[in-house]
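I have placed the structure first, in the form of structure tokens, so that the comments after it can refer back to it.
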Amino acid sequence: NAGVTQTPKFQVLKTGQSMTLQCAQDMNHNSMYWYRQDPGMGLRLIYYSASEGTTDKGEVPNGYNVSRLNKREFSLRLESAAPSQTSVYFCASSPSGYVNEQFFGPGTRLTVL
Amino acid sequence: AQKITQTQPGMFVQEKEAVTLDCTYDTSDQSYGLFWYKQPSSGEMIFLIYQGSYDEQNATEGRYSLNFQKARKSANLVISASQLGDSAMYFCAMREKYSGGGADGLTFGKGTHLIIQP
């Protein structure tokens, strides 16, 4: 079992460029999440998907879009990258329900110049 | 108002000592879960321990235990017999059943940077 995988691991973009961060899980989880982590901060929720076919905004959704392609995959798209989006991005998955831990991917370190 | 507060930005502890990392939370939900994650310098998020709001016993996982005081809304992590490999960032997080009408996901504190000294 690979758990939660993310690609790429590192990326450098110029302001205004677009890119998609990919995430996949092989644990048959219903729920998937995208978080960002900035220096000195905990993780903040960008978007989540409670089940295949649904997506909802989190705490910091501006500048991002998401797609829940199927039960396994949940992608995060930056349409026009800005320096404020320089961050480490984590994807996570969990079974449904508030009692369950979330399993995290290794993260993508994104720099926007 | 912050939902999760970790008041210790950094801590230095001698190896083999016990350490307590503080976490207080704020919610109006009756049903919620509290989680602790470890983030070593390599960057991955490692789940340590979980406490449910209805659990009467404090959670324990090996050297980790959670000192849950519901009336005080505190969920402190206790690491017994600390080791050099415990040096890392530690995050307290909460997930509410009803999320106060907001987003469903973990709400994290800002973390505590724990350094274990030999």
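See the values below:
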quantity	calculated
Residues being within 24 Å of B:Lys110 (Cα to Cα) and surrounded by 13 or more Cβ atoms within 10 Å (Cβ to Cβ) - total across segment A:4-30	2
Matching residues, segment B:20-36, being touching a residue at least 60 places away in the same chain (Cβ under 8 Å), closer than 17 Å to A:Asn100 by Cβ and not polar (S, T, N, Q)	B:Asp29, B:Tyr32, B:Gly33, B:Leu34, B:Phe35
Test result for B:Leu48, surrounded by 15 or more Cβ atoms within 10 Å (Cβ to Cβ) and within 17 Å of B:His113 (Cβ to Cβ)	yes
Some residue of segment B:3-16 being assigned to a strand (DSSP E or B) and either within 16 Å of B:Phe68 (Cβ to Cβ) or basic (Lys, Arg) (or both)	yes
Residue within segment A:53-68 that is β-branched (Val, Ile, Thr) and part of a strand (DSSP E or B) present	yes
Within segment B:61-118, considering residues that are part of a strand (DSSP E or B) and acidic (Asp, Glu), the one farthest from the chain's Cα centre (by Cα)	B:Glu96
Positions within segment A:79-113 being at the interface with chain B (Cβ under 8 Å from one of its Cβ atoms), in contact with a Gly (Cβ under 6 Å, 6 or more places away or on another chain) and in a loop (DSSP other than H, G, I, E, B), in sequence order	A:Tyr98, A:Val99, A:Gly107
Subset of segment A:37-67 [over 15 Å from B:Met45 (Cα atoms), crowded, with 17+ Cβ neighbours inside 10 Å and either touching a Gly at 6+ places or on another chain (Cβ under 6 Å) or away from chain B (no Cβ under 14 Å) (or both)]	A:Ile46, A:Tyr47, A:Tyr48, A:Gly58
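Since every read-out is calculated from the coordinates, none of them should be taken as a lab result. It should be emphasised that the depicted structure is a prediction, and the values quoted were computed from it without experimental measurement. Using ideal geometry, Cβ is built from the backbone for each residue, glycine included, and neighbour counts are taken over all protein chains shown.
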